[in-house]
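Bear in mind these aren't lab numbers, they're just calculated from the coordinates by the rules spelled out. All of these numbers come straight from a predicted model, not from anything done at the bench. Heads up, the Cβs are rebuilt from the backbone with ideal geometry, glycines too, and the neighbour counts pull from every protein chain shown.
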Amino acid sequence: MISHSRRHCVVELQALPSRIGQIRRIVSAQLRHWQLDPLIDRAALGVTELLSNVHRHAQPDKTCTVEIEFRLGRLTVSVIDSDPRLPVLRDAAMDALETGGRGLALVEAVSEAWGARHQTDGPGKVVWFSLTASPAPVASPPPVRIETKPVREPARTALVAVDPAAVSAGLSVAASVGVRPG
């Protein structure tokens, strides 16, 4: 079941490897819808690690709920399962050759805060992490190109005084200003 409101989304699922990729895509799509694109990679990695932990460790079943909420500039991703055992962050000095056990360390690395608590209204626990959304950069308008052309001075106008009597006598204007017809 998937339900969501403007800033809250809940998905119930079985934490199976085939479903984890689907949940990553759902979380990514929801964050794009909320215009939180810069948080997608970290949120998707964090929810993958939490769901992988449910798959590996949760007893008696793998049923869980993923809840994402965006409020007051903070995105919180929670995974709720029915296993009451709280997760333990392994020591950072663990054997570098181990192939597992780094899930919570990754969650800690990609988030601003994380934690785990017992559910108040039933069996199980909630493991969560939060990310702060940076304000979206204000898109500046594209620069306006102004094409420049050299300015030419306007042609000078010559004023010529013409004797109206000469014009009416049939003399050409060219002759009256001293220009020889060519």
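Which net charge results for the neighbourhood of Q119, defined as the other residues with beta-carbon distances under 10 angstrom from its beta-carbon, given Lys and Arg at +1 and Asp and Glu at -1? Overall, the nearby charge balance is 0. Residue by residue, segment 67-74 carries 3J(HN,Hα) couplings of 10, 10, 9, 10, 8, 6, x, 10 Hz when phi is fed to the Karplus relation 6.51 cos²θ - 1.76 cosθ + 1.60 (θ = phi - 60°); x denotes Gly or Pro. For T63, the residues 5 or more places off, or on other chains, whose built amide H falls under 5 Å of its own are A15.
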